[in-house]
2 protein chains.
Amino acid sequence: MSSFAKLPAPPYYSVIFSSQRSATDAGYGPMADRMVELASAQKGFLGVESARDTDGFGITVSYWESLEAIAAWKADAEHRVAQETGKARWYDHYELRIARVERAYGKRP
Amino acid sequence: MSSFAKLPAPPYYSVIFSSQRSATDAGYGPMADRMVELASAQKGFLGVESARDTDGFGITVSYWESLEAIAAWKADAEHRVAQETGKARWYDHYELRIARVERAYGKRP
């Protein structure tokens with residue numbers, strides 16, 4: 001599976017989530033996998049890309065059709081539990097930015 | 001130094017650069033460092049965050065005051081050489097998305 005999201009032409013929306021993992025691992029891996037699975041099944045989900053370096057700093061960008069789709073995902077009950085646990089336990093620091101993608105290009109193999 | 005960019009309140013602009021490194025290392029590290037240094041000195045630069053996993057997939061998000069600042073950075077002569085070398089040599093695949101950040105929040109230590 002490619003790490004790259006296959007996206008339509010802009011405009012669409014992105015959620016840029018930067019995070020520093022804490023020293024607490026309990027349950028993190030299964031939760032992260034489950035959130036990708038759950039997000040992928042949401043209405044309006046377009047794709048997700050993620051990278052984390054060996055110091056535990058990571059960036060995940062998810063892509064969505066609309067702000068409404070992002071709001072619905074944020075309000076998802078199982079996702080809310082993960083958000084609260086992440087805030088309390090898995091992340092020392094995170095920043096979340098919601099942005100409208102206006103232009104896109106690349107080099108594809 | 002924190003991995004997190006300290007940014008003003010939105011709106012501002014982001015360049016989301018996702019990339020898969022090639023097997024070619026020659027000159028990559030010094031170039032990447034130099035581009036961060038050079039970008040940081042550009043008018044309208046707000047900050048940058050970056051993570052790359054052990055498989056060579058990475059996401060770098062740079063933040064800018066305006067689309068004009070992004071266009072000026074793209075046109076910078078030294079940056080153009082790096083862009084061309086990156087395309088030819090350092091990256092197997094990349095995607096670049098320009099997005100307007102409309103909302104931001106986080107958990108800060």
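In table form, for the structure just shown:
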read-out: Residue identified as closer than 15 Å to residue A:60 by Cα and more than 8 Å from every other protein chain (Cβ to nearest Cβ) among B:50, B:14, B:62, B:66; value: B:62
read-out: Given (1) more than 16 Å from residue B:5 (Cα to Cα); (2) touching a Leu at 6+ places or on another chain (Cβ under 8 Å), index of the condition residue B:46 fails; value: (1)
read-out: Qualifying residue in segment B:64-82 (condition: touching a residue at least 60 places away in the same chain (Cβ under 8 Å), touching a Leu at 6+ places or on another chain (Cβ under 7 Å) and not charged (D, E, K, R)); value: no
read-out: Condition check for residue B:55: in a loop (DSSP other than H, G, I, E, B) and open to solvent by 60 Å² or more (accessible area, probe 1.4 Å); value: yes
read-out: Evaluation of residue B:15 against (1) within 18 Å of residue A:95 (Cα to Cα); (2) surrounded by fewer than 16 Cβ atoms within 10 Å (Cβ to Cβ) (one fails), failing number; value: (2)
read-out: Among the residues listed as A:9, A:23, the single one being more than 9 Å from chain B (Cβ to nearest Cβ) and either over 27 Å from residue B:6 (Cα atoms) or open to solvent by less than 20 Å² (accessible area, probe 1.4 Å) (or both); value: A:9
read-out: Given (1) modelled with pLDDT under 95; (2) part of a strand (DSSP E or B), index of the condition residue A:26 fails; value: (2)
read-out: Given (1) crowded, with 17+ Cβ neighbours inside 10 Å; (2) in contact with an Asp or Glu (Cβ under 7 Å, 6 or more places away or on another chain); (3) away from chain A (no Cβ under 11 Å), index of the condition residue B:73 fails; value: (2)
read-out: Selection within segment A:74-98 - of a type outside the set (A, V, I, L, M) and assigned to a helix (DSSP H, G or I); value: A:74, A:78, A:79, A:80, A:83, A:84, A:85, A:86, A:87, A:89, A:90
read-out: Hits in segment B:29-50 (condition: more than 20 Å from residue A:99 (Cα to Cα) and open to solvent by 40 Å² or more (accessible area, probe 1.4 Å)); value: B:30, B:33, B:34, B:36, B:37, B:40, B:41, B:42, B:43
read-out: Total residues in segment B:1-21, condition basic (Lys, Arg) and outside any loop (DSSP other than H, G, I, E, B); value: 1
read-out: Search result, residues across segment B:70-88 that are of a type in the set (Asp, Glu) and either farther than 16 Å from residue B:25 by Cα or at pLDDT below 95 (or both); value: B:76, B:78
read-out: Residue in segment B:29-42 that is within 11 Å of chain A (Cβ to nearest Cβ) and at pLDDT 95 or above present; value: no
read-out: Selection within segment A:8-28 - β-branched (Val, Ile, Thr) and closer than 28 Å to residue B:98 by Cβ; value: A:15, A:16
read-out: Close pairs from segment B:87-107: first at the interface with chain A (Cβ under 7 Å from one of its Cβ atoms), partner surrounded by 15 or more Cβ atoms within 10 Å (Cβ to Cβ) and part of a helix (DSSP H, G or I), Cβ under 7 Å, at least 6 apart; value: B:98/B:70
read-out: Pair list, Cβ under 7 Å, 6 or more apart: segment A:26-43 residue over 13 Å from residue A:62 (Cβ atoms), other residue open to solvent by 40 Å² or more (accessible area, probe 1.4 Å); value: A:43/A:72
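The values are calculated or read from the model by the stated rules, or taken from the named source; none is laboratory data. From a predicted model like this one, the values you see are computed outputs, not experimental measurements. All Cβ positions, glycine included, derive from the backbone under ideal geometry; neighbour counts span all protein chains shown. In case anyone asks, the SASA skips ligands and DNA or RNA and just uses the protein heavy atoms, side chains included. Shrake-Rupley method; radii C 1.70, N 1.55, O 1.52, S 1.80 Å.
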